[in-house]
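What follows is a single structure, written as structure tokens, with notes after it.
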Amino acid sequence: MNFEYSERSQELQARLRAFMEEHILPIEPLVYAFHSAPENRWQRWPGLAELKEKAKSAGLWNLFLPKDYGELSPGLTNLEYAPLAEIMGRVIWSSEVFNCSAPDTGNMEVLAKYGSPAQQKKWLTPLMKGEIRSAFLMTEPEVASSDATNIETSIKLEGDEYVINGRKWWSSGAMDPHCKIAIVMGKTDFDAPRHQQQSMVLVPMDTPGLTIVRPLSVFGYYDSPEGHAEILLENVRVPKENLLLGEGRGFEIAQGRLGPGRIHHCMRLTGMAQRSLELMAQRSSDRIAFGRTIRDFSSIRQEIALSRCEVEQARLLTLSAADKMDKKGNKEAKDLIAMIKIVAPNMALKVIDRAIQIYGGKGVGPDTPLAHYFAAARMLRLADGPDEVHMYQLGKSVIKKYTIE
């Protein structure tokens, strides 16, 4: 394993850092304040479109796509992209500026890998151009969706149309006013073998019968403007051409989609944790308690030292997973992907919590990104599969590897 970044990645990292310093960090408080105002909750910050154009002009666009999809993608490897995602992760909302935010990244990968030419022309191209946004509808309130085979939404073929009925929630991206298309997972055959019941279908958000019941907050954060939604699907009809790949292929698509998505989250979490580490180091140098700068207290130094160790450990594990994905494919890298999906959110929570403690009252308020980081990291112990599922599968794999039968 050689984790030396390519010249292309290093050059993009330098440009991305410069862009963040010049265009993102100075307005970070303004954007958070805008979205915190209830009257602005589901509106896009007015300067976002201009920022996106600047990112395009700077060649910082669609950085996540691992293959070359023409002029709209630089075709980076996962290893080349990892440090870029980490840099973007330092500001929660910044990924969208570079067209690298979930759930669009996963949905674009699905359309690129599994979509028909017609589906790609209609939905992938405008997504890659940043003209529209998308949603992913998988989780359901009535079943344990950590087991995707539990999903009960029905997708039934009637003539030349699929009719969809069900209730979804934690539908990422659905609240965004520019969200135009959703990928919906449901069952086309409830009697087929367990992993061949599910299918995925493309559903335009303005289709009759699709109703947004309510937005969902995460520890009080709505993640405006894209947010998460509870959605009711009542006799939603779409052309049969909207089916992805084929009936019974939904579970296969889900596994293909979630591998890269999981590691992207881990890259961004490392960025949150790294910035939290920097913030706690700065705070410890600025504050005086009991007549001493708090950086001189042994307990503070230990907290910072542990955080530095844990951030680096998670970063290296993320790079190891990315490297194996590039060289062997997502399936061969599944154990490493599971490891980092377990490690990164828990690591970030520890580091962010220490930073909050060092900041004191300011750490739980709106004047630093720490409280929002904490909410996001805690949510990511559940998103794309809870810790328990990854540990169950990883444990099974490890036992099999070291057991002689």
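The values are calculated or read from the model by the stated rules, or taken from the named source; none is laboratory data. Predicted model only: the values in this text are computed from it and were never measured. Note: ideal-geometry Cβ built from the backbone for every residue, glycine included; neighbour counts use all protein chains shown.
Listing for the model above:
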item: Test result for SER134, at pLDDT 95 or above, in a strand (DSSP E or B) and under 19 Å from the mean Cα position of the chain (by Cα); result: yes
item: Of all residues making up the range 126-177, the number that are among the β-branched types (Val, Ile, Thr) and out of contact with any helix residue (DSSP H, G or I) (no Cβ under 8 Å at 6 or more places or on another chain); result: 6
item: Residue that is surrounded by the most Cβ atoms within 10 Å (Cβ to Cβ) [pool: residues in the range 325-336 that are in a helix (DSSP H, G or I) and modelled with pLDDT under 95]; result: MET325
item: Filtered residue count, the range 339-359, keeping only those that are among the β-branched types (Val, Ile, Thr) and closer than 14 Å to ALA375 by Cα; result: 3
item: Segments classed as helices (runs of 4 or more DSSP H), wholly inside the range 1-81, with at least 1 members that are in contact (Cβ under 8 Å) with a residue 24 or more places away in the chain and in contact with a Ser or Thr (Cβ under 7 Å, 6 or more places away or on another chain); result: 28-36
item: In the range 183-222, the residues that are out of contact with any helix residue (DSSP H, G or I) (no Cβ under 9 Å at 6 or more places or on another chain), among the aromatic types (Phe, Trp, Tyr) and within 29 Å of ARG378 (Cα to Cα); result: none
item: Residue match in the range 67-75 (condition: surrounded by 21 or more Cβ atoms within 10 Å (Cβ to Cβ) and not assigned by TED's automatic domain parsing to the domain that holds LEU317); result: no
item: Some residue of the range 284-295 being more than 20 Å from HIS390 (Cα to Cα), in contact with a strand residue (DSSP E or B) (Cβ under 8 Å, 6 or more places away or on another chain) and not in a helix (DSSP H, G or I); result: yes
item: From the options SER224, SER217, residue that is more than 24 Å from ARG249 (Cβ to Cβ) and at pLDDT below 95; result: SER224
item: Total residues in the range 292-324, condition of a type in the set (S, T, N, Q) and either buried (at least 21 other Cβ atoms within 10 Å of the Cβ) or within 18 Å of LEU279 (Cβ to Cβ) (or both); result: 5
item: Which listed residue is out of contact with any Asp or Glu (no Cβ under 7 Å at 6 or more places or on another chain), buried (at least 19 other Cβ atoms within 10 Å of the Cβ), assigned by TED's automatic domain parsing to the domain that holds GLN13 and among the aliphatic types (A, V, I, L, M), from ALA37, ALA49, ALA85; result: ALA85
item: Failed item, numbered, when THR368 is tested on (1) in a loop (DSSP other than H, G, I, E, B); (2) surrounded by fewer than 13 Cβ atoms within 10 Å (Cβ to Cβ); result: (2)
item: Candidate set from the range 150-170 (those that are among the polar types (S, T, N, Q) and part of a strand (DSSP E or B)); member that is farthest from ASN235 (Cα to Cα); result: SER154
item: Selected residue (only one of ALA112, ALA118 is surrounded by fewer than 24 Cβ atoms within 10 Å (Cβ to Cβ), assigned by TED's automatic domain parsing to the domain that holds HIS23, at pLDDT below 95 and in a helix (DSSP H, G or I)); result: ALA112
item: Leading residue by the ranking (farthest from HIS264 (Cα to Cα)) among those in the range 390-405 that are among the aliphatic types (A, V, I, L, M) and modelled with pLDDT of 95 or more; result: ILE399
item: Cβ-Cβ under 7 Å pairs, at least 6 apart or on other chains, the range 373-398 side not assigned by TED's automatic domain parsing to the domain that holds GLU28, far side part of a loop (DSSP other than H, G, I, E, B) and crowded, with 17+ Cβ neighbours inside 10 Å; result: ALA376/ILE92; ASP387/ARG381
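A quick yes/no check of all residues on (1) more than 29 Å from GLN393 (Cβ to Cβ); (2) touching a residue at least 40 places away in the same chain (Cβ under 8 Å):
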| position | (1), (2) |
| --- | --- |
| SER146 | no, yes |
| ILE155 | no, yes |
| GLY159 | yes, no |
| ILE183 | no, yes |
| PRO193 | no, no |
| GLN198 | no, yes |
